[in-house]
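**Student:** Submitted below is the structure of interest, expressed as structure tokens.
Just so it is clear, none of the values below were taken in a lab; they were calculated from the coordinates. Remember, predicted model here, so these are calculated numbers, not experimental data. Glycine also receives a Cβ, built like all others from the backbone with ideal geometry; neighbour counts cover every protein chain displayed.
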Amino acid sequence: MNQLPPKPKDALWTDEQWQAIMTRNTNTLVSAAAGSGKTAVLVERIIQRLLSEDDPVDVDRLLVVTFTNAAAAEMRKRIGDALEKALAKQPDNLHLRRQLSLLNRASISTLHSFCIDVLRTHYYKLGLDPGFRILDDTEAALMREEILEELFEEEYSDPNNETFFKLVDIYSNDRSDEPLRSIVEKLYDFSRSHPWPNEWLDFVVSQYQVQDNSWIIHLHDLIKHELRNNLALLEQAKQMIELPGGPKAYSEAVEHDKAQLERLVSLADDWDSLYTAFQTLEFPRLKTISKKDDVSEPLKESVKSLRNKAKDSLETLQENYFSRPLNEYIDDMIQFAPVIQKLVELVKTFAEKFSDVKREKAVCDFADLEHYCLDLLQAETSAPDRLIPSEIALDYKAKYRE
């Protein structure tokens, strides 16, 4: 990573914000809470790129995408205001004047607007109708309902479709199969949030193949991580108790919980031992604190909050993963594997039918925009584990500096 220039003495940016503003020549991820100034930091980063003496960039060679039209408009306005402010200080700066003239055609938009621009330019590569429009919610709901009705009628018409009928029995009620239809739609929508929906659906099925125990290892690691996090919470609670004004009366319960958690952590490498230990999980009541006791109310509430977080987490782990022995869960997965396979087949068939109808009507939903754009930006020889940019992607790479 490059050496950062020194932060101006009168700058109001934090060190982390200055790092986000001035870091160059590398991918940079900024994670911060709402209202912490992410947009301001991004605008300042753009301004610094435009004003750089060593390597100035034209604003139309930056690609800036947001999630809403309002955010995109605000971003464009902020950049314009900052340019005019800089120009007021340097009225003879031709580069700044050029940036103001280029601002209206700069690529500052929502992510989906960018996708639409890519598709409008290269629609022929995908066999799309150049006059495609965005599908509205009401029309989409009607299309989905018709496709699901047709799909389920086909499945019901096969008298030997035992796995489907079992799926209906499990996920529907006496009155309707609507709950199952809803699951098919939800799985479809969730799969479309992944770059390769079918591969993700196949992964779901693979998790029910008992010979592949990677899910157990992954789950085991997550549980061990959660146990260690909870132990850290109780350690923090113990330290607060020992502070002046700390709720000493809570010490016995917190020490009990801490010892209980330390035992769980020590057994965490063996699932059966962990299961046995979870069966005796208990949390004693906190002792009452009298108003006469010299106890800090904020410390008291903080200790209770930390303890409750650890307690709730452990009870959730107990309910979700240790209410039965592991072999019973595995038996369930063996039994459910064919049913899940059938459910995924329904989702894939629904996806194909929905895609065909949308193409026929020359409409796209927002997920289509993302997936079509991804199709255009990757070469035909690409794979999920081996991404290769297409010629179109290389053109955009040449167009944009950042």
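**Student:** Across 5 Å bins from 0, what is the distribution of all Cα-Cα pair distances for the range 1-111, in whole percents?
**Tutor:** For the range 1-111, the binned pair fractions read 2, 11, 21, 25, 22, 15, 5, 0 percent.
**Student:** Now for a different question. Could you give the distance between the Cα centres of the range 149-195 and the range 1-49, to the whole Å?
**Tutor:** Centre-to-centre (Cα) distance: 49 Å.
**Student:** Follow-up question, since we're still on this one. Compute, for the range 254-402, the length of the dipole vector about the Cα centre, with Cβ point charges of +1 (Lys, Arg) and -1 (Asp, Glu) only. Units Debye, rounded to 20.
**Tutor:** Charge dipole, the range 254-402, about its Cα centre: 620 debye, nearest 20.
**Student:** Share of antiparallel DSSP beta bridges in the chain, in percent to the nearest 5? Mind dumping the intermediate values first?
**Tutor:** Working: 2 of 8 bridges.
DSSP beta bridges in the chain are roughly 25 percent antiparallel.
**Student:** Something else about it: By per-residue mean of other Cβ atoms within 10 Å, what is the highest-first order of 52-61, 8-17?
**Tutor:** Most protected by this proxy first, the peptides run 52-61, 8-17.
**Student:** Ranked highest first by average number of other Cβ atoms within 10 Å, how do 146-155, 132-141 line up?
**Tutor:** Most protected by this proxy first, the peptides run 146-155, 132-141.
**Student:** OK, next. Starting from the 7 Å offset along Cα-to-Cβ, what nm value, one decimal, do you get for the label separation of residue 16 and residue 142?
**Tutor:** Taking the simple label geometry, residue 16 and residue 142 are separated by 5.0 nm.
**Student:** Give me P(r) over the range 98-138, computed from all C-alpha to C-alpha distances, binned every 5 Å, as integer percentages.
**Tutor:** 5, 18, 20, 18, 17, 10, 7, 3, 1
**Student:** For residue 335 paired with residue 225, estimate the spin-label separation in nm (one decimal), with each label point 7 Å from Cα along the Cα-to-Cβ line.
**Tutor:** So the two model labels end up 3.1 nm from each other.
**Student:** With Rg and the Kirkwood Rh both taken from Cα atoms, where does Rg over Rh land for the range 279-401?
**Tutor:** Details: Rg = 27.6 Å, Rh = 21.7 Å.
The Rg/Rh ratio comes out at 1.27.
**Student:** For the range 151-196, what log10 I(q)/I(0) values come out of the Debye formula at q = 0.13, 0.19, 0.33 1/Å, with one point per alpha carbon and no solvent?
**Tutor:** Cα-only, vacuum Debye calculation for the range 151-196: -0.35, -0.67, -1.17.
**Student:** Using only the Cα atoms of the range 212-290, what do you get for the radius of gyration and for Dmax, in Å?
**Tutor:** Expressed in Å, the Cα Rg and Dmax of the range 212-290 come to 15.3, 56.
**Student:** Let me ask another. Can you tell me the FRET efficiency between residue 293 and residue 272 if r is taken as the Cβ-Cβ distance and R0 is 41 Å, rounded to the nearest 0.05?
**Tutor:** Details: r = 44 Å, r/R0 = 1.07.
It comes to 0.40.
**Student:** Another question, then. Mean shadow of the chain, computed from the convex hull of its alpha carbons, in nm²? Don't skip to the end; give the middle numbers.
**Tutor:** Details: hull surface 120.1 nm².
Over every viewing direction, the Cα hull of the chain projects on average to 30.0 nm².
**Student:** Show that you can apply the helix-only estimate: for the chain, add -39,500 (n - 2.57) for every DSSP H stretch of four or more residues, divide by all residues, and state [θ] at 222 nm to the nearest 500.
**Tutor:** Details: 16 runs with 252 residues, N = 402.
Rounded to the nearest 500, it is -20500 deg cm²/dmol.
**Student:** Where in the chain are the DSSP H helices whose alpha-carbon span along the long axis reaches 30 Å or more and whose Kyte-Doolittle mean is at least -0.5?
**Tutor:** Counting only whole DSSP H runs, the qualifying helices are 69-89, 214-241, 326-361.
**Student:** Further, regarding this structure: Can you give the Rg to Rh ratio of the range 341-402, both from alpha-carbon atoms, with Rh computed by the Kirkwood formula? Walk me through the intermediate numbers first.
**Tutor:** Working: Rg = 15.2 Å, Rh = 13.9 Å.
Here the Rg-to-Rh quotient is 1.10.
**Student:** For the range 84-181, I need the span (max minus min coordinate) of the C-alpha atoms along each principal axis, in Å, sorted largest to smallest.
**Tutor:** Rounded to whole Å, the extents work out to 81, 31, 23 Å.
**Student:** Could you tell me the calculated FRET efficiency between residue 259 and residue 214, based on Cβ-Cβ distance and R0 = 30 angstrom, to the nearest 0.05?
**Tutor:** Efficiency, rounded to the nearest 0.05: 0.35.
**Student:** Given charges of +1 on the Cβ of Lys and Arg and -1 on the Cβ of Asp and Glu, with all other atoms neutral, how large is the dipole of the chain about its Cα centre, in debye to the nearest 20?
**Tutor:** Values: 50 positive and 71 negative charges, 509 e Å.
So the dipole magnitude of the chain works out to roughly 2440 debye.
**Student:** Would you kindly state how much longer the chain becomes between residue 150 and residue 58 on full extension, computed as 0.36 nm times their sequence separation minus their alpha carbon distance, in nm to one decimal?
**Tutor:** Difference between extended and current length: 27.8 nm.
**Student:** I'd like the FRET efficiency for residue 324 and residue 381, computed as 1/(1 + (r/R0)^6) with the beta carbon distance as r and R0 of 35 Å, rounded to 0.05.
**Tutor:** It comes to 0.15.
**Student:** In what sequence, highest mean first, do 376-385, 195-204 appear when ranked by Cβ atoms within 10 angstrom?
**Tutor:** In decreasing order of mean packing, 376-385, 195-204 become 195-204, 376-385.
**Student:** Just how large is the dipole of the range 283-369 about the Cα centre, in debye to the nearest 20, putting +1 at every Lys and Arg Cβ and -1 at every Asp and Glu Cβ?
**Tutor:** The dipole of the range 283-369 has a size of about 500 debye.
**Student:** Using a basic spin-label model with each label point 7 Å from the Cα along Cα→Cβ, how many nm lie between residue 183 and residue 394?
**Tutor:** Result for the modelled spin labels: 4.7 nm.
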